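Below is one structure, written out as structure tokens, with a few remarks after it.
The values are calculated or read from the model by the stated rules, or taken from the named source; none is laboratory data. As the structure is a computational prediction, the values presented were derived from the model and not from experiment. A quick note on method: Cβ atoms are made from the backbone with ideal geometry, for glycine too, and the neighbour counts reach across all protein chains shown. These area figures cover heavy atoms from the full protein model, side chains too; ligands, DNA and RNA do not enter into them. Shrake-Rupley method; radii C 1.70, N 1.55, O 1.52, S 1.80 Å.
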Amino acid sequence: MLDAVDAALMRVLQGDGRATFQALADGVGLSRTAVRARVRQLVQSGAIRIVGVLHAGVVGMEVLGHVSFRVGGPVEPVLEVLGEREAVTFAAQAAGRFPAVAQVRVADDAALTKELAHLRSLPGVEGAEVFRANAVYKDAHSSVRELGDIELDALDWRLVRRLLKDGRASYADLARQVGLSQAAARSRVVRLLDSGVVHVTALVEPSAVGANEQLGFGLCCRGDADALGAALANMSRVSFLASGFGRYDVIGSITAPDRCRLVEALEAVRGTVGVGNVETWEYLRVRKERRGGDRPEGWGPL
């Protein structure tokens, strides 16, 4: 079972996966050696993975759609096909009005229209409703940062590829991988991080922190959806949040260690100023969840 120090280290590493051991030690009040050992244990136990998360805009996958499916008959065949679609980054069986939900990431609205046409034609699918995200405020499995104006060359992409696999790779190791001096490798990595091309973070295994309950929600707001999205994103139990247009004004996900705290988190969402009608769906079984650093073959110039 993780203690308070481990939890604190995980929170810091989620914000900056390349934070130095000394900075981590200063933050939790332990020695550098003790913190190094704890971080190593967290990684080796599978509680966290420290990886680079590529900005979707770098590879032209900036449009996000959330699709709710009406299904006739068994849901598993639909989920199986969804899991094989490259554009689908999340697919789950759900309890509620829609027995299957998915998230789709594509280059533009034309590509989203084409993908939706295919998904609607799947055997068993009787209809689908779409939420097109306009702004993503929080995503536990992806980078939510502004992308700067930057051109990448072959050496940059080699560094990115290495960071996607090991976000805490040393500058010496990165330099050897790409054939640069350590100083040159450091300079390029800092540029990639500062521009938002890649964000190094700790991806947390939900079971390691007792996040065993997961609930999706869609809501209609009163007034400014952007202001509401920014407020809801600050809630610790909210793991994903986006505003946009379609059936809902805002969609999100809540994770919690048990049903009681899941209900408490949902009540907090409902009680936020500006929240109107709220619809929820429980994730019965997640079929596919592409996490940061998990890139399909051939996606982008990697």
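Below are the figures for this structure:
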quantity	calculated
Other-chain or far-sequence residues with amide H under 5 Å of V197's (modelled H)	G148
Hz values of 3J(HN,Hα) by residue in region 272-282 - Karplus curve (6.51, -1.76, 1.60), Gly and Pro given as x	6, 4, x, 7, x, 5, 10, 10, 10, 8, 8
Lys, Arg +1 and Asp, Glu -1 on Cβ, resulting dipole of the chain about Cα centre, debye, nearest 20	800 debye
Region 165-280 - percent relative contact order, Cα under 8 Å, separation 6 or more	26 percent
Net charge dipole size for region 34-145 [Lys, Arg +1 and Asp, Glu -1 on Cβ; Debye, nearest 20]	680 debye
Correct choice for semi-axes √(5λ) of the Cα gyration tensor in Å that was computed from the model, options [x] 30, 23, 18; [y] 33, 24, 18; [z] 41, 36, 14	[y]
Peptides ranked, highest mean first, by Cβ atoms within 10 Å: ranges 217-224, 85-92, 158-165, 121-128	85-92, 158-165, 217-224, 121-128
Per-residue ³J(HN,Hα) for region 38-47, Karplus 6.51 cos²θ - 1.76 cosθ + 1.60, θ = phi - 60°, Hz, x for Gly and Pro	5, 5, 4, 5, 4, 6, 5, 7, x, 5
C-alpha long axis of helix 109-120 to longest principal axis of the chain, angle in °	60 degrees
Region 157-275, accessible surface, carbon-and-sulfur percent (1.4 angstrom probe)	49 percent
For R287, residues with placed amide H under 5 Å, excluding near neighbours	A91, A92, Q93
Degrees, to the nearest 10: 4-15 long Cα axis against longest axis of the chain	80 degrees
Surface share of carbon and sulfur [accessible, 1.4 angstrom probe, percent] for region 1-95	52 percent
Burial order of peptide ranges 61-71, 23-33 (average beta-carbon count within 10 Å, highest first)	61-71, 23-33
The chain: angle of helix 259-270 to the longest principal axis, Cα-based, in degrees nearest 10	80 degrees
